[in-house]
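Okay, structure first, notes after.
The values are calculated or read from the model by the stated rules, or taken from the named source; none is laboratory data. Just so you know, these numbers come straight off a predicted model, no measurement behind them. Using ideal geometry, Cβ is built from the backbone for each residue, glycine included, and neighbour counts are taken over all protein chains shown.
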Amino acid sequence: MPVARAARHVAIRFGAVALAGALLAACGSSSSGSSSADGADGGKVTLTVDLFGTFGYKEAGLYAEYQKLHPNVTIKESDTENEADYWKALQTRLAGGGGLADVQGVEVGRIASVTRQQADKFEDLGALGAKDLQAQFSQSKWSAATAPDGRVLGLGTDTGPEALCYRSDLFKAAGLPTDRVELAKQWATWDGYLALGKQYAAKAPAKSHWMDSIASLYSVMVGQQKERYYDASGKLIYDSNPAVKAAWNASVKAAQDGLSAKLAQWAPEWNQAFSSGSFATIACPAWMLGYIKGQAADAGKGKWDVAALPGGAGNWGGSYLSIPKGAKHTKEAFDFIKWITAKEQQAKLFTKQGSFPSNLGAIDLVKDVKDPYFSNAPIGTVFGTAAEQAPVQVPGLRDNDVNTQITNALGEVERKGTSSDEAWSHAQKGVKNALG
Amino acid sequence: MTVSVDTPPALTAPPPRPRAERRTRLLRGVSPYVYIAPFFTLFAAFGLFPLIYTAYVSLYRVELQTPDQMEWRGLDNYTALLSDSYFWTALRNTFSIGVLSTVPQLLMALGLAHLLNYKLRGRTFLRVAVLLPYATSVAAATLVFAQLFGRDFGLINWALGLVGFSPVDWQSGTVASQIAVSTIVTWRWTGYNALIYLAGMQSIPGELYEAAQIDGASRWRQFLHVTLPGLRPTILFTVVVSTIGATQLFGEPLLFEGSISGGISHQYQTLGLYMYEQGWGYFHLGRAAAIAWIMFVLILLLVSVNAAVARRRTRKEAGR
């Protein structure tokens, strides 16, 4: 194609603009690559900590405290809101062997995958000195992070005892009781909870719903089970497990009764809704308290409250801190995770952020904690009791992947009106595709 | 171009011509290859090798978590895709989103270029402004659009509400979500194509327009009978580039809702996204590699169809 002079002129100008554009684009993208900081100069060490969701260390001032105790250490945290995205990125880095942080968070739903498939890719914390810490943690939390050959691959941070968080101001507006003891009595069972939801829906403020999404209702209900998606022998049982089916049916019913705000968890709209009053209750593992504080901030202060969970105690989530092989400062990283999972720090984290301790000593320390943000709810006893009574869950190899497929299908039910049977068959198909 | 000769030519003696000439000829023959060698070296390292390696991986069952364990599957990864309804959904979505975004995009770009081709005040500014959406990063653009298309607090639903329409669930509906994703693509690429068209338009000789004007052709007629035929090679180029882009569409649907499934029921999952979901969501690298290769073949097919159509048209023109 012959290029006339004018056209060439345009092309050159265009090139300059394109170059400027590329620079602009580089500025626009917010993901600043984690620079590899060398700890060599002057004994200074930069510890990188890569987490997901809201661990709340920064918010609780624990990094600042640690840096004061260890002036040669600077901590740099990166955080991905959605655990599924975080896990993907971590797997890619583990496979490629680059870009790994010194400390990596691991969700309890993934810990089986770490101990059974990737034990070689993480440091054995036992060899680094974790052996004498075992007595501090509950048996189940400790053993879940131990590989079959005895290597310890993660130190427990929080666990996920469950409660229900609710907006007492919205309850009042809808003429419901707001006292947490009274409510706990009324929703002693899930049926009671759903019945109260119908009462709420009848008199609720405009554009306000009973719950955020049936996905969170479902997740907290299966969290009350000992076995969810895999049995103790590691066999996939999600589609024959009556408990899963029961949680599914209750969730579908809630959607059909119009009790859900139909929000997708972890999506921007869901985040906005914490302060806007789109929903009055949310299934609330302890770590959700920190998330609510982060999203609703001052707009929600004093409006939220916490009550015991319908249908008994349960556990949803909880995490570990691990050190991947290829971390730059293994020793410093271990010192740090040993310190931050010690009982004093875990207790402080619970008091400030609500993440429930997995360290037994810390559980004793936080018995009487009340949270002013949540209308002075006695979160120490609420979550403490739940943690005591929660079943010891069987961790499955791909728990979180199965969970995602099922909650996606529930999203179809609530947002697109897909029939329960059809959506369940989609979930089955999705699980097959994901695991196959 | 000059070539230095190692012995200075004596004034009296005739220069050693035959040797120097042979060397010059040799260098002339070789030098182009030397100049383009860096590209092809890089292409071999970062284009060809991954391509071949991907083909190799696609014949195995490999998981990202355990990349050292490879299990021979032959063509099973490919045949499995044929009966995989998610794959067909993704293929269909890629096609429909591709059409929904490419067609309006190129038409609007043509119109814009036509307008920019007039003598306007502040022309350079306008031309740069048109390119700005392209300069924005996909992430930034998509995040803004995701807010605009929000169901409960989105600006678009708010505006629809003012006119009396009920809010649209831009994320869950199949058509709605595909329109939303296409809007982002169109917004980003229209200006880019407009500038390419503009460059093409300026290579059309002005005499043609003058002649058309003398013949009494209106602006519209001039556009139809002078601009469009003159732009044909440029249009073909943009169609090919846009087709490739549409087949590989990835960033916009991924970031639209932050979902690797392309929505709760895969309603806007493109092939690129499905490949990503298989590879980095479920860690099935072998299957992801098979999808990558199918996409590659698909692009080759589409491009050759484009080229064939263009060739036939040109031949028809010539025959007239």
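Structural remarks
- If the condition is being under 18 Å from A:Arg398 (Cα atoms) and acidic (Asp, Glu), then segment B:61-85 contributes only B:Glu63.
- Among (1) more than 11 Å from chain B (Cβ to nearest Cβ); (2) within 30 Å of A:Ser143 (Cα to Cα); (3) assigned to a helix (DSSP H, G or I), the one test that A:Val431 misses: (1)
- Checked against (1) free of Cβ contacts under 8 Å to residues at least 12 places away in the same chain; (2) over 26 Å from B:Ala139 (Cβ atoms); (3) within 14 Å of chain A (Cβ to nearest Cβ), B:Ser259 passes all but condition (2).
- Number of positions in segment A:262-275 that are in contact with a helix residue (DSSP H, G or I) (Cβ under 7 Å, 6 or more places away or on another chain), within 21 Å of B:Val168 (Cβ to Cβ) and crowded, with 21+ Cβ neighbours inside 10 Å: 3
- Subset tally (residues that are under 17 Å from the mean Cα position of the chain (by Cα) and touching a residue at least 60 places away in the same chain (Cβ under 8 Å)) for segment A:61-89: 5
Residues checked against (1) crowded, with 16+ Cβ neighbours inside 10 Å; (2) over 15 Å from A:Tyr166 (Cα atoms):
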position: A:Ile214; (1), (2): yes, yes
position: A:Glu227; (1), (2): yes, yes
position: A:Lys235; (1), (2): no, yes
position: A:Ser240; (1), (2): no, yes
position: A:Asn249; (1), (2): no, yes
position: A:Thr281; (1), (2): yes, no
position: A:Pro285; (1), (2): yes, no
position: A:Met288; (1), (2): yes, no
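- For the condition more than 29 Å from the chain's Cα centre (by Cα) and part of a helix (DSSP H, G or I), A:Lys172 qualifies.
- Test: residue in segment A:381-390 that is over 20 Å from the mean Cα position of the chain (by Cα), surrounded by 22 or more Cβ atoms within 10 Å (Cβ to Cβ) and in contact (Cβ under 8 Å) with a residue 60 or more places away in the chain: no
- The residue that is farthest from the other protein chains (Cβ to nearest Cβ), among those in segment A:393-428 that are within 15 Å of B:Gly262 (Cβ to Cβ) and out of contact with any helix residue (DSSP H, G or I) (no Cβ under 6 Å at 6 or more places or on another chain), is A:Thr404.
- Count of segment B:221-233 residues which are surrounded by 20 or more Cβ atoms within 10 Å (Cβ to Cβ) and not hydrophobic (A, V, I, L, M, F, W, C): 1
- Only one of B:Ile204, B:Ile184, B:Ile179, B:Ile196 that is under 23 Å from the mean Cα position of the chain (by Cα) and facing chain A (nearest Cβ under 9 Å): B:Ile196
- The residues of segment A:83-99 include none that are more than 12 Å from chain B (Cβ to nearest Cβ) and β-branched (Val, Ile, Thr).
- Some residue of segment B:114-122 being out of contact with any helix residue (DSSP H, G or I) (no Cβ under 8 Å at 6 or more places or on another chain) and on the phi > 0 side of the Ramachandran plot: yes
- Within segment B:267-280, being at the interface with chain A (Cβ under 10 Å from one of its Cβ atoms) and farther than 14 Å from B:Asn77 by Cβ holds for B:Gln267, B:Tyr276, B:Glu277, B:Trp280.
- Within segment A:100-149, tally of residues that are within 19 Å of A:Arg228 (Cβ to Cβ) and within 14 Å of chain B (Cβ to nearest Cβ): 8
- Against the criterion of being under 28 Å from A:Glu412 (Cβ atoms), surrounded by 19 or more Cβ atoms within 10 Å (Cβ to Cβ), touching a Ser or Thr at 6+ places or on another chain (Cβ under 9 Å) and touching a residue at least 24 places away in the same chain (Cβ under 8 Å), B:Leu100 qualifies.
- Residue tally, condition within 18 Å of the chain's Cα centre (by Cα), more than 24 Å from A:Leu194 (Cα to Cα) and small (Gly, Ala, Ser), over segment A:229-281: 1
- In segment A:391-423, the residue that is surrounded by the most Cβ atoms within 10 Å (Cβ to Cβ) out of those that are in contact (Cβ under 8 Å) with a residue 24 or more places away in the chain and basic (Lys, Arg) is A:Arg415.
- Scanning segment A:48-89 for residues that are on the phi > 0 side of the Ramachandran plot and surrounded by 22 or more Cβ atoms within 10 Å (Cβ to Cβ) yields A:Gly53, A:Gly56.
- For segment B:281-306, residues that are within 13 Å of chain A (Cβ to nearest Cβ), part of a helix (DSSP H, G or I) and in contact with a Leu (Cβ under 7 Å, 6 or more places away or on another chain) total 2.
- Qualifying residues in segment B:161-176 (those that are hydroxyl-bearing (Ser, Thr, Tyr) and within 12 Å of chain A (Cβ to nearest Cβ)) - the one surrounded by the fewest Cβ atoms within 10 Å (Cβ to Cβ): B:Thr174
- Total residues in segment B:80-112, condition assigned to a helix (DSSP H, G or I) and charged (D, E, K, R): 1
- Residue check, A:Trp190 at pLDDT 95 or above and either of a type in the set (D, E, K, R) or surrounded by fewer than 24 Cβ atoms within 10 Å (Cβ to Cβ) (or both): yes
- Here the condition is being assigned to a loop (DSSP other than H, G, I, E, B) and under 28 Å from A:Asn271 (Cα atoms); of B:Leu273, B:Leu254, B:Leu249, it holds for B:Leu249 alone.
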